[in-house]
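The values are calculated or read from the model by the stated rules, or taken from the named source; none is laboratory data. This structure is a prediction, so every number in the text was calculated from the model and none was measured. Here the Cβ is made from the backbone with ideal geometry for all residues, glycine too, and neighbour counts use every protein chain on show. Remember, those area values only see protein heavy atoms, side chains included, never the ligands or the DNA or RNA. Shrake-Rupley method; radii C 1.70, N 1.55, O 1.52, S 1.80 Å.
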Amino acid sequence: MKSLDELKELRDKAQKDIQNRDTGDKVEIIVGMGTCGIAAGAREILQEVMKEIDKRDLDVRVSQTGCIGMCEKEPLVDVKMPGHDRVTYGEVTTDDVSKIISNHVVNGNVVDDLVVARLEE
Amino acid sequence: MRELSLHILDIVQNSIAAEADLIRLNIVEDYEADKLVVEIIDDGTGMKEEDKEQVLDPFVTSRTTREVGLGLPLFKEAAEQCAGNFSLDSTLGEGTELKAVFQHSHIDRAPLGDIVGTIISFLVSNPDIDLVYHHQVDDEEFNFDTREVKDRLGDVKINSPDIIAWLKDYLTEGLRQIRR
């Protein structure tokens, strides 16, 4: 069985990562976690987002929101890049997550065919 | 919901909305008594007497009480259709506790499902809320307390990707141990 004390080694590594990063505005990814979002698969989407961030070693803030009224379009994922419009993606699948992260978060190109709403900055 | 763990994730959103600092999740699988018990206890704002009845009625809840909706009635129904029962107690200013009991072997009982995924999803977006998770399968038990994790992490956030990946393995292994 793993021991929680192994976390202390991970802590030292994580602290170095934090120091190496600039403290500017972060990219934010927001997953809808209302009853509708959860029933539509938001939990799997959120975990896929974390997996991609870990794999690509990205500095992204992941947060959640409740029901915003577009229940039929869940799971919903918002990407908020500093200085850009907030883009809402709908009916997101786990396969779409890597597309959204590589195209939009890493390269700045919105994945137009998945967009359901935009909120001006 | 397809899994009880999805109900749990959903119900915990109410505790988050109620500004809980600490959430306790107890899951007891008792094969001898043929029962599966899920308890969620928080120290959030709690509810007024009249709201306690309303939150269980899917048709009364209005948009103004946004933090409550279909989640609780769905969970209650899930328990009651499995020869179980559901209770909710809440005190304004102290918190809310709910308990759902299922007949473990009931044919309509949804599987517990990916409870690790539920806990990880909660931790990712709620690094500042503590979770005490107790899971018992007959005589075996697994306990997880985010306060113990945070003690070891110092100023590193519990939702850092490295830490989340490690915790996912830790929880998966812990649960495998009690299911042997």
Taking only Cα atoms and a 10 Å spring cutoff, compute GNM fluctuations for chain A and point out the largest among A:Gly41, A:Gly108, A:Gly32. A:Gly108
Translational D in µm²/s for the protein assembly as shown (Stokes-Einstein at 25 °C, 0.890 mPa s, Kirkwood Rh from C-alpha pairs): 121
Can you compute the helix-only [θ] at 222 nm over chain A? Use -39500 (n - 2.57) per DSSP H run of at least 4 residues, normalise by all residues, nearest 500 deg cm²/dmol. -10000 deg cm²/dmol
Whole-percent carbon and sulfur contribution to the accessible surface of the range A:27-119 (1.4 Å, no ligands, DNA or RNA) stands at 46
Loop-only check: which trypsin sites (Lys or Arg not before Pro) in the range A:1-58 are DSSP coil with at most 11 other Cβ within 10 angstrom? A:Arg21
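Can you give the translational diffusion coefficient of the range B:45-180 in µm²/s, computed by Stokes-Einstein from the Kirkwood radius over Cα pairs at 4 °C and 1.567 mPa s?
Details: Rh = 17.3 Å.
Here the translational diffusion coefficient equals 75 µm²/s.
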If you take every residue apart from B:Glu173 with its C-beta less than 14 Å away from the C-beta of B:Glu173, what net charge results, scoring Lys and Arg +1 and Asp and Glu -1? +2
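Rg(Cα) of the range A:27-119 divided by 2.2 N^0.38 Å? Let's see the in-between values first.
Working: Rg = 11.8 Å, N = 93, 2.2 N^0.38 = 12.3 Å.
Taking N as the residue count of the range A:27-119, the ratio is 0.96.
How charged is the neighbourhood of B:Val156? Take every other residue with its Cβ under 11 Å from the Cβ of B:Val156, and add Lys/Arg as +1 and Asp/Glu as -1. Walk me through the numbers before you get to the answer.
Numbers: positive: A:Lys8, A:Arg11, A:Lys13, A:Lys16, B:Lys150, B:Arg152, B:Lys157; negative: A:Asp12, A:Asp17, B:Asp155, B:Asp162.
After counting each charged neighbour, the total is +3.
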Roughly how many Å² is the accessible area per residue of the range A:27-119, as a whole number, for a 1.4 Å probe? 42
Net charge within 12 Å of A:Val87 by Cβ-Cβ distance, Lys/Arg positive one each and Asp/Glu negative one each, not counting A:Val87 itself? -3
Run through the DSSP bridge list for chain A and note the antiparallel percent, rounded to the nearest 5. 65
Any idea of the total accessible area buried by the B-A contact, 1.4 Å probe, rounded to 100 Å²? 3300
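Distance cut-off 32 Å, Cα to Cα: go down the list B:Lys35/B:Lys168; A:Lys16/A:Lys99; A:Lys2/A:Lys51; A:Lys99/B:Lys99; B:Lys48/B:Lys168; A:Lys99/B:Lys76 and report the pairs above it. Before the final figure, lay out each step's value.
Working: B:Lys35/B:Lys168 27 Å; A:Lys16/A:Lys99 29 Å; A:Lys2/A:Lys51 21 Å; A:Lys99/B:Lys99 40 Å; B:Lys48/B:Lys168 37 Å; A:Lys99/B:Lys76 38 Å.
In this structure, A:Lys99/B:Lys99; B:Lys48/B:Lys168; A:Lys99/B:Lys76 lie more than 32 Å apart at Cα.
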